[in-house]
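What follows is one structure encoded as structure tokens, with my remarks underneath.
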Protein chains: 6
Amino acid sequence: MMKRLLLINPNISQSVSDLIRAEAERSAAPDTRIEVLTAPFGVAYIETRFEAMIGAYATAELVAQHHERFDAVVVAAFGDPGLPALREVLDIPVTGLTEAALASACLLGNRFSIVAISQRIRAWYRETVQSYGLEGRLASIRGLDEPLQDIGNVQGNQGERLVALAERCVAEDGADVIVLAGAPLAGLARTLRGRLPVPAVDGVSSAVRHAESLVALQPGHARCGSFAPPPQKPHQGLSPALARLLERKTGSGA
Amino acid sequence: MMKRLLLINPNISQSVSDLIRAEAERSAAPDTRIEVLTAPFGVAYIETRFEAMIGAYATAELVAQHHERFDAVVVAAFGDPGLPALREVLDIPVTGLTEAALASACLLGNRFSIVAISQRIRAWYRETVQSYGLEGRLASIRGLDEPLQDIGNVQGNQGERLVALAERCVAEDGADVIVLAGAPLAGLARTLRGRLPVPAVDGVSSAVRHAESLVALQPGHARCGSFAPPPQKPHQGLSPALARLLERKTGSGA
Amino acid sequence: MMKRLLLINPNISQSVSDLIRAEAERSAAPDTRIEVLTAPFGVAYIETRFEAMIGAYATAELVAQHHERFDAVVVAAFGDPGLPALREVLDIPVTGLTEAALASACLLGNRFSIVAISQRIRAWYRETVQSYGLEGRLASIRGLDEPLQDIGNVQGNQGERLVALAERCVAEDGADVIVLAGAPLAGLARTLRGRLPVPAVDGVSSAVRHAESLVALQPGHARCGSFAPPPQKPHQGLSPALARLLERKTGSGA
Amino acid sequence: MMKRLLLINPNISQSVSDLIRAEAERSAAPDTRIEVLTAPFGVAYIETRFEAMIGAYATAELVAQHHERFDAVVVAAFGDPGLPALREVLDIPVTGLTEAALASACLLGNRFSIVAISQRIRAWYRETVQSYGLEGRLASIRGLDEPLQDIGNVQGNQGERLVALAERCVAEDGADVIVLAGAPLAGLARTLRGRLPVPAVDGVSSAVRHAESLVALQPGHARCGSFAPPPQKPHQGLSPALARLLERKTGSGA
Amino acid sequence: MMKRLLLINPNISQSVSDLIRAEAERSAAPDTRIEVLTAPFGVAYIETRFEAMIGAYATAELVAQHHERFDAVVVAAFGDPGLPALREVLDIPVTGLTEAALASACLLGNRFSIVAISQRIRAWYRETVQSYGLEGRLASIRGLDEPLQDIGNVQGNQGERLVALAERCVAEDGADVIVLAGAPLAGLARTLRGRLPVPAVDGVSSAVRHAESLVALQPGHARCGSFAPPPQKPHQGLSPALARLLERKTGSGA
Amino acid sequence: MMKRLLLINPNISQSVSDLIRAEAERSAAPDTRIEVLTAPFGVAYIETRFEAMIGAYATAELVAQHHERFDAVVVAAFGDPGLPALREVLDIPVTGLTEAALASACLLGNRFSIVAISQRIRAWYRETVQSYGLEGRLASIRGLDEPLQDIGNVQGNQGERLVALAERCVAEDGADVIVLAGAPLAGLARTLRGRLPVPAVDGVSSAVRHAESLVALQPGHARCGSFAPPPQKPHQGLSPALARLLERKTGSGA
């Protein structure tokens, strides 16, 4: 069964979208079609809560416009901006890079560490892990400590530093699994295959695989509970696409 | 010292903004000036994660346009949409109805219950409490179980039901304090004074008082750590006001 | 790429192995080969810690004898007897019904409930969820309250009761997702599609899909950390197959 | 409205009472009257559970004798000896330096660190934070590591060392906010204004401000629940003032 | 080896001291000598934080006067008033009814419930369990819901009600073990032997046995860390016995 | 009353059984009879989950064959392989080295550290502590970092290194109590008496003492709840002794 996946890059960096697309296509099953869209507004990459809030809104706009052609949606930034919100209004599966990578990590060991592209980003990642109730399995978060010159080429510039961080996560923090975090690192787990002392996972490949699985499992969608569509109520000033999402009848999805 | 507080109603309901303003003015110190702004886009009231995401963005836009005239900002919806994000970009204190009401509750007893305007809203509130690390002090969340007819008149229509819910929180759930939640209930704690078996607090009055205290304490703002302004990076497509917020130099605020 | 999955039923019930096989084959990708083996010793089904301990040892014996022909292993009983132990000695992915079903549930909502085949089994399931650090996402565990007549036909005999339990999990316990637990319920999520008010997942289908994903992701195996092969040391009295597993050189797997 | 605040120094150090009074008066609103009383028995400052137990009893005696003239009470030692106990028997608001400083810190960031006057005191502070359910927001506790020469002059002797500790809390422990702990540090947050890289708060100023707010909010007092007055029962051997506190009729306060 | 145990009843009820002594003597090894002292000041029994604070101070006074003749001390009220404080200043083992009963319960099952003598007392007990980090093993606390007529005869008056509460803890709350709480119930576990569906333990018998074990194990006492004697500092106004306890040299105990 | 204790060494090392027996006999009350049995199959010592799974099964076989002659059973390996399982099928008390040592530690201080014989073993110990819900009291786990030459002579070879580890647990990790972990360290707490800065406990001596206490307390055994005997169901292929254990009638034990 052909599966159509929509990956949204919540940031404005086309070079990162290219990394996402390449790794998604390498990861996908043969009968999966990948489409990657780039946020029309926002910042170059997300390190903070404020940037994530902007990315969430940009993602919601793109999803609202395009979801109808797809079987599943992936929020393609670590930190998963807007993911729980989107899960309420879509009747197709939706996941994100963090959620999916952590699911993979939890299937491979007990405690995982996250290797990230900056120091600042660690607080936002830690809060994301906590929001998923997984802080008990988080061994550590380590990040690069230099300003990034080129968000589309972090892997090339900083590859050895990232490997060294991962090794410290295992040796000093007790990590059983490494999560290489952030869309700018998409594909790095594949490149480093065999170089790290423990299993390593990546958000994009995990999200593509798990999105495919969710489509295949056909678990149904929420007609009740906290992920049912929001109750109908007046709204104003929203884009037509967002308005349509809010006007979906409760339980109307199929 | 005169203090100027900006309260943002993240929803489009002017009637709720009126409730907020009235209770804020009753609560404020004599030398405090209150201004309430209403979201230009969004929904009538927030019950879900998706609605909160929209409210957060609308709040950010209003704050970006208006913060310079104020000494502190209050996100005037329970659930505090956008609060942690705004704390990064502002160099004045910012709080929200949930955060402020929980701070009051924690100063009055050990465990608190939240009385809310709907069943659906409980998941969103629970996640907000968890994001503040306060789930260990949450006795329960109880909500009205009928659709709201008039968001500006919940107190009148449902007052006795809300009292009954509060009494069950004390008798059955072990609450030491009641939090009357949601801007539509602004002022109800004041109205019910003496009728509830334990102390009761309200988001609007708590937020006004605590915002005043934060201005008075002059604790300084973050030049380092996870609430320092986001590192400079390219952006596009944002409103001029949001763009200005992002272009504030790290540590430049004073 | 053809994937060969070994599913171990840790119990002696051939009728349950048949349910497992049927659902596994329905769930698997076209190029996946499924083999199900039944424990040569043990009990009819696992409800308690003591029964799980026996099932773990029986599983280990079967895995030790057969793993070399496979790309991944699934411990096909809820509670995952022996799973973390097997992860140390195998250099292929291994998962279990609980771990896999919870991974699916966590990708579909925030809080999940488990619907189980008996009252007694709930303590064992709760401890399993806790061992995965996911108690913060567990809404409830509800179980049938009558002795089971025929472990191979629970779904037929008790189907309506199981649906009613699931509905209470949503309405009373706040579940966003239902986990239909236990190999005897394999396939029930598929049968009930559309009848439950929230997404529902099943251990067997989840484990098959996630095992396929782990094979595809090629995350590497542990040469260091707590899931590396056990350090070499004297042993005695073990079956030849178990002895071989223990004698694998640290880091020799590929 | 004039507010009369009673601050109890649970220790015998008059020099610390002077620090408390000075900072309280600087912090208070213009219409607030401050009175500081010093424990007639006890130790020079509290570092341990045993010393806190003595301080709690001394505080209770002073509160029992003097509370009737006041609108609110502050237990003016970090660690808040006796605070939850006093909350049961008083029908006016009561808070303490730790509780109030943590409330301020929680309104200014996500994670806070505590900077303290000795190594030994850290265990007692950690247990206090845990008793408030706030360990999830505690980044670290760091303390001076030399014996104190003069409890009334810690700030002067050790100021630079305290700043250095605070900087390490931010740089190494991830603190968003610094809590300068202990009555001997009263006023230091004010002195250091602008020197620390994140917001800093102080127990005395926070307690004064929050006590004023609680008086203003008039939340009511507990007639039911775990902070209602203790049920009447025989007692003997207590001071007349303590006996009177215990003989207050349940729910009689107002 | 003869062991001399000092049990302190932190309350003024001689009838409860008699219950404590009787059960302690029934529980003790043949070569153990039991002495029970009754608080010279305080209340009839402890239900609240304020009453516990008084009981802690009375216990400390008695311990300070008498500890030198004993090998171990037991704080003989559930809730263990003053226990952690006393552990700092004594160089002999000290335990309490709650701590000891929970230790027994944890050796007999996974989750325990507490059956108590009143509704009000439950908050104080819950906080005590939390202070020991054992809330994860607490299934429930249930209490009698009528005022006690005679604190020395609760078992006779309320025996059947207490059994019914215990049965509900097992059937509804998932308790594996019952803790019969409070000195007024001393001996009830013995009386009910065989009547309860799960193991039941009692504070007094547990405390006596565990105190004997601690004396036998000779684990040494703390010369460093948070239970070493408080650092020397000025004090005033304390009873001679308390003063002597505080003046013990750090590490001088043997 | 004479008490007969069965200690099972879940490993094949006779030299470790000798250490266990010697320390058990030194620790036991005069009227206690000690018997130590060594696993007929398994590994030299347990460091990993897989080795623990084997040890659990070997322990169960020995217990099944021999329990009828005893008043209590001790699983004499740190990590307590099989302990919760055995508690379901025995109607006499059963404990293990970890459970018993942690019970002792919790009676002596607030936070404990574990000193262990290898680096690898730490993950298994941490998971054991978590399974007992005591991670909140765990200060740290430190282990030797060299391969063990002679499992029966670790104390002699590594004694000074173990003392140094314990001292770091106190000075750097905040331990109030040291747990010397693992049967190979049986007796070391006794040998080191007076050399460590805080109380130190040992699994074997703690288990012997607590097992004696549980026999003396006669708390009854579980006829209901999650530690009642497993419900009757078909089994096959088990040893006659294990089969007999499973065929015990629910509630038949006395």
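Taken together, the values in this text are just the output of simple stated rules run on the coordinates, not laboratory data. Keep in mind that this is a model prediction, so the values were computed, not measured. Every residue, glycine among them, receives a Cβ derived from its backbone with ideal geometry; neighbour counts consider all protein chains shown.
Quick notes
- Counting DSSP beta bridges with both ends in chain A, the antiparallel % (nearest 5): 0
- Under Stokes-Einstein, with the Kirkwood radius over Cα pairs as Rh, the value for the stretch F:49-203 at 20 °C and 1.002 mPa s is 135 µm²/s.
- Distance from the stretch A:190-253 to the stretch D:152-177 (C-alpha centre basis), Å: 45
- Ellipticity estimate at 222 nm from DSSP helix runs (n ≥ 4, -39,500 (n - 2.57)) divided over chain D, nearest 500: -13000 deg cm²/dmol
- Karplus-based coupling profile of the stretch B:40-52, in residue order and whole Hz: x, 9, x, 10, 5, 7, 9, 10, 9, 5, 5, 5, 5, with θ = phi - 60° in 6.51 cos²θ - 1.76 cosθ + 1.60 and x standing for Gly or Pro.
- Distances in nm from residue F:236 to the matching label points in the other copies, shortest first (labels 7 Å along Cα to Cβ): 3.3, 6.9, 7.4, 7.4, 8.6
- Formal net charge of residues neighbouring residue D:132 (Cβ-Cβ distance under 15 Å; K, R +1; D, E -1): 0
- Built amide H within the under 5 Å cut-off of residue A:139, gap 5+: A:112, A:113
- The trypsin sites (Lys or Arg not before Pro) found in the stretch A:159-254 that occupy coil by DSSP, while having at most 14 further C-beta atoms within 10 Å, are A:193, A:195, A:249.
- Beta-bridge orientation, the protein assembly as shown: approximately 5 percent antiparallel, per DSSP, counting only bridges with both partners inside.
- Stokes-Einstein D in µm²/s, Kirkwood radius over Cα pairs - the protein assembly as shown at 10 °C with 1.306 mPa s viscosity: 48
- For the pair the stretch C:107-149 and the stretch B:33-77, the centres of their Cα atoms are 40 angstrom apart.
- The mean count of C-beta atoms from other chains within 10 Å of the C-beta of residues in B:97-109, rounded to a whole number, is 5.
- Projected label distance in nm at residue C:232 and residue F:91, using a 7 Å step from Cα toward the beta-carbon: 4.9
- Trypsin sites (Lys or Arg not before Pro) lying in DSSP loop within the stretch D:1-72, provided at most 10 other Cβ fall within 10 Å: none
- For the stretch F:11-124: rounded, prolate or oblate by the Cα gyration tensor [a/c cutoff 1.5]: rounded
- The amide H of residue A:72, built 1.01 Å from its N in the peptide plane, has A:4, A:6 as neighbours under 5 Å, considering only residues 5 or more places off or on other chains.
- Normalised by the number of residues in the stretch B:63-164, the mean separation of alpha-carbon contacts (under 8 Å, six or more apart) gives a relative contact order of 22 percent.
- Applying 1/(1 + (r/R0)^6) with r as the Cβ-Cβ distance of residue D:153 and residue E:4 and R0 = 45 angstrom yields a FRET efficiency of 0.45.
- Net charge contributed by nearby residues that have their C-beta within less than 14 Å of residue A:17 (K/R +1, D/E -1): -3
- Taken residue by residue and averaged, Cβ atoms of other chains lying within 10 Å of the Cβ of F:153-161 number 0.
- When the square roots of the Cα gyration tensor eigenvalues are ordered a ≥ b ≥ c, the ratio a/c for the stretch C:169-254 is 1.5 or more and a/b exceeds b/c, which makes its shape prolate.
- Between 0 and 90°, nearest 10: helix E:14-27 axis offset from chain E longest Cα axis: 90
- Chain E Cβ-axis minimum, rotational copy A, residue and distance in Å: E:136, 6
- Efficiency of FRET from Cβ geometry, residue D:241 and residue E:195, R₀ 35 Å, rounded to 0.05: 0.15
- Evaluated at q = 0.12, 0.28 Å⁻¹: base-10 log I(q)/I(0), Debye formula over Cα of the stretch D:130-208: -0.34, -1.50
- Summed residue charge, Cβ within 12 Å of residue C:240's Cβ, Lys/Arg positive, Asp/Glu negative: -1
- Shielding by partners - mean other protein chain Cβ count within 10 Å, residues of B:126-135: 4
- Between copies, the label points of residue D:156, set 7 Å from Cα on the Cα→Cβ line, lie 6.3, 6.3, 6.4, 6.8, 9.1 nm apart, reported in increasing order to one decimal in nanometres.
- Ranked by how many other beta carbons lie within 10 Å on average, peptides E:50-56, E:232-238, D:61-67, E:210-216 from highest: E:50-56, E:210-216, D:61-67, E:232-238
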